[in-house]
Amino acid sequence: MPYNDISDIVRFPLDGKTVTLGRDPSCTVQLLGMGISRQHAAIELNPAACVISDLNSSFGLRANGMPVQRHAMANGDVIAIGVRQFKADLSGHNLVLVPFSEQTERFEGVSEASERGSSITIGRDPGAGVTLPHPLVSRLHASLKRALDGTFFLSDHHSANGTFVNGRPVSGSVVGEGDIIQIGPFRLFIEQGRLIRADDSNRIRLEAVNVTVRTRKRTLLDRVTITVGAGEFAAVLGASGAGKSTLVRAICGRQLIDGGNVYANRLPLKQFLAAFTSNIGYVAQENILHSELTVAETMREQSLIRLPGDSTSLERRNRISEVITLLELDRVLHQRVSRLSGGEAKRVHLGVELLASPALIVLDEPLAGLDPGLVRKFMQLFRRISDRGHTMLMTTHTLEQIDFCDRLIFLHRGQVVFSGQPSELESFFGTRALADVYERAAKGALPPIQSPGEEADPVRIPLPAAAPRQHKPRTISFVRQCVMLFSRYATIMRRDRRNLLLLWLQAPLIAFFLGFVFKTDAQYLPLSFFFCVTISAIWVSGINAAQEIAREWLLLDREYRVGLSLPAYLCAKAAITVFSALVQALLFWAFLGMVFRTFPFTKDTLVLTAAGTISGGILGLCISACSGTVGRAITVLPILFIPQIFFSGILIPFDRMSDIGRLLSYLTVSRPVFSLFKHTCLLNQPLYESSSWPGLCFLNLGLIILCTIAVRWRLARMVATR
């Protein structure tokens, strides 16, 4: 006889039969609740061995907190099926399942949709039907409506960080018993017609089970199994190359894994990564900051990108003030990042990630290069942050002040040697000196590889067949982002006075150098003069633009993940490049008029000079977008800029070029720009009637499209592998 949604003790005789558990009414035991599949698990009631098996459920089966595919039950085992937990009693000739609950799996009703046709609003606003006070939650984030037939429909109200059902972003979706709703750091679900919020204090519990990461040459992580409790401060130790950074990147979803699985709050991260992404802060070892901006400016613009677009100015200022006070940055608030000490810059970098109050904060080597006094201050700071409810995961080489941590994990050659409390470290290794531990590791004299207090799961957990669709957070509008980014780059350009001076001096100096090549009082200027003007205009602007994107990949990757609009970024970069090109064109044109008496000092030549500098700037941006580093961009520059001379038509007429040469000439910006100068200045043809304009416009449009494709491709690779 089937049982309906058991909440009392259930007894089965060990008679060799098989019973099923799941949401479907046809199951022997019908279970309703978050994370329970229709056919979730089966129990073989054999007297010799009572075995429970997972029936390819969405969220898996757990025995004593560990994921399993098949498990021989023992007396006292705790079996978790979705949110439901049972303790097994095998005394006598029966299997008795006793409902079991833990403090971390306590649930609390926050609202009830009892009337058919009624709607519940969910959001940060105090007047919402369900108030979820957190920076990641929009003011009116979503609504839940109960239809006349009793079903529920969840609607997202264009929220900044999205609404997720079973790990996938939705704009509207029918939800029912067992579906997991995630809004910011909160988990909600439907149970018996009520909207229930999981009472997990908005914290993240992390579990890595048999995680393996390989490259072509070696294994970086070898079946690593660890647990970091919700709200714990954990440190990952080990020598260089032990796999520390790889492990933390895998745990927070930034590293593709070749085997095993990672769970966040007992949900498979592979499937729920999109829902957890905005709730994970990642602080890289490098300080990814614009050195020309002040601390206040950095925090202000990052709050625009990271906080919901409906946040008021007061809410943003209050959140910035909270972070500044927590990190004790009040004294340096109006100083430029370039003038901060190493410790202050690291705190600013951490503060950027804290603005959205993520539940999990990953710190990759945050103590590198700090003196012992600063190490202690940072460890105290990390402890305070963890005590506020954040789960902290840090990689480090040092054991200084390690007692501030709740858990230590020691890696050696991609395997876990130790995982436990700091107080257990000395007894386990027989020493408290990390140098001795590293020396023993180098000699292969470490204790047997194990994880004290944790059980390894012998079964490899299969990964889902397909990765979930990624969600792009929404923050301020496209126009506001364009204005903010243009203001940022204009400020950076203005404050870098040495570079600005060199930038504005380039064009005048080239004009004077041309005065030593061509006679300044000549009756007419030859064709070669206008060729030099063409090449100079293209090169001056292009060389400067070639570094614009290549030097910002890490910063662009970080901001793109949290809500930066890529079209807004490219528009701002193009706008600042065009602005710089126009200023250089004006200076070049003005000084050419001053140096050469017969130079046609008209608005037509100004337009042509601007066409050259703008085209060169767009070409430089395209080179920058296609290059992974500034060094590579500088290396590529001659490969693309020198052909501007070869195929311009000055060295050899086009009719005497090879077929391939003529074809390549159409791909250079120098050909149409030089042609425009030639026809306008020497042949006295009307400027805007030249047939070279369409070719130049189409070529620049093609470069812009190529630049956009290159940036999107590289960002997609960074998001997929980092």
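The values are calculated or read from the model by the stated rules, or taken from the named source; none is laboratory data. Keep in mind that this is a model prediction, so the values were computed, not measured. Cβ atoms come from the backbone with ideal geometry, glycine included; neighbour counts cover every protein chain shown. Quick note on the areas: whole protein, heavy atoms, side chains included, nothing else; ligands and nucleic acids left out. Shrake-Rupley method; radii C 1.70, N 1.55, O 1.52, S 1.80 Å.
Put a dot 7 Å past the Cα of PHE518, heading toward its Cβ, do the same for SER91, and the two dots end up 10.3 nm apart.
Output the direction-averaged projected area (hull surface divided by four) of the convex hull of the alpha-carbon atoms of the range 144-191, in nm².
Details: hull surface 12.9 nm².
Mean projected area for the range 144-191: 3.2 nm², to one decimal.
Computed over every Cα-Cα pair of the chain and binned at 10 Å starting from 0, the pair-distance distribution P(r) comes out as 3, 12, 19, 20, 17, 12, 9, 5, 2, 1, 0, 0 percent.
Provide the packing ranking of 233-240, 126-133, i.e. peptides ordered by the mean count of other C-beta atoms within 10 Å per residue, highest first. Mind dumping the intermediate values first?
Details: 233-240: 22.0, 126-133: 15.4.
Averaged packing, sorted descending, gives the order 233-240, 126-133.
From its DSSP helices (H runs of at least four residues, each -39,500 (n - 2.57)), the chain gives a residue-normalised ellipticity at 222 nm of -12000 deg cm²/dmol. Residues within the reach of a label modelled at LEU527 (point 7 angstrom out along Cα to beta-carbon, backbone nitrogen below 19 Å), restricted to the range 658-688, are 658, 661-663, 665-666, 668-686.
Each residue of the range 334-345 was assigned a 3J(HN,Hα) from its phi angle through the Karplus expression (A = 6.51, B = -1.76, C = 1.60, θ = phi - 60°), giving 10, 9, 5, 4, 5, 9, 7, 6, x, x, 5, 5 Hz with x at Gly and Pro.
Mind giving me the FRET efficiency for TYR688 and VAL583? R0 is 25 Å, r the Cβ-Cβ distance, nearest 0.05 is fine. The formula returns an efficiency of 0.60 here. When both bridge partners sit in the chain, DSSP labels roughly 75% of those beta bridges antiparallel. Using C-alpha pairs under 8 Å with a sequence gap of at least 6, the mean separation divided by the residue count of the chain gives a relative contact order of 10 percent.
Distances between every pair of Cα atoms in the range 602-722, grouped in 5 Å steps from 0 to the bin holding the largest one, split as 2, 11, 17, 20, 18, 13, 9, 5, 3, 1, 1, 0 percent. Using the alpha-carbon positions of the range 675-722, Rg (one decimal) and Dmax (whole number) come out as 18.4, 57 Å. Here the simple spin-label model places points 7 Å from the Cα toward Cβ, and for ARG331 and ARG662 these points are separated by 7.3 nm.
Summarising the label geometry, the points placed 7 Å from Cα in the beta-carbon direction at SER487 and HIS397 lie 4.1 nm from one another. What's the extension gain from ARG214 to PHE153 if we count 0.36 nm per residue and subtract their Cα-Cα distance? Roughly 17.7 nm would be gained on extension.
May I ask for the distance between the Cα centers of the range 535-584 and the range 467-528, given as a whole number of Å? If we compute the Cα centre of each part, the gap is 9 Å. Extension gain for VAL78-VAL98 works out to 6.3 nm (0.36 nm per residue, less the C-alpha to C-alpha distance). What is the calculated FRET efficiency for LEU256 to ARG38, with r their C-beta to C-beta distance and R₀ = 25 Å, to the nearest 0.05? Here the calculated transfer efficiency is 0.25.
Largest first, the extents of the alpha carbon coordinates of the range 308-419 on the three principal axes equal 49, 31, 22 Å. Report note on the peptides 537-550, 305-318, 174-187: ranked by the mean count of other C-beta atoms within 10 Å, highest first, their order is 537-550, 174-187, 305-318.
The three principal axes of the C-alpha atoms in the range 476-608 carry coordinate ranges of 61, 27, 22 Å, sorted with the longest axis first.
The slack in the chain from SER240 to GLN285, taken as 0.36 nm per residue of separation less the alpha-carbon distance, amounts to 14.8 nm.
For the chain, with all protein chains present and a 1.4 Å probe, just round the carbon and sulfur fraction of the accessible area to a whole percent.
Values: 17570 of 31480 Å².
The nonpolar share, carbon plus sulfur, comes to 56 percent.
Across the range 145-218, the mean sequence separation of Cα contacts (distance under 8 Å, 6 or more residues apart), normalised by length, yields a relative contact order of 18 percent.
Listed peptides 572-585, 64-77, 673-686 appear in the order 572-585, 673-686, 64-77 once ranked by packing, highest mean of other Cβ atoms within 10 Å at the front.
Taking K and R as +1 and D and E as -1, what net charge do the other residues with C-beta under 13 Å from the C-beta of THR20 add up to?
On the way: positive: LYS17, ARG23, ARG38; negative: ASP24, GLU44, ASP54.
Here the charged neighbours net out to 0.
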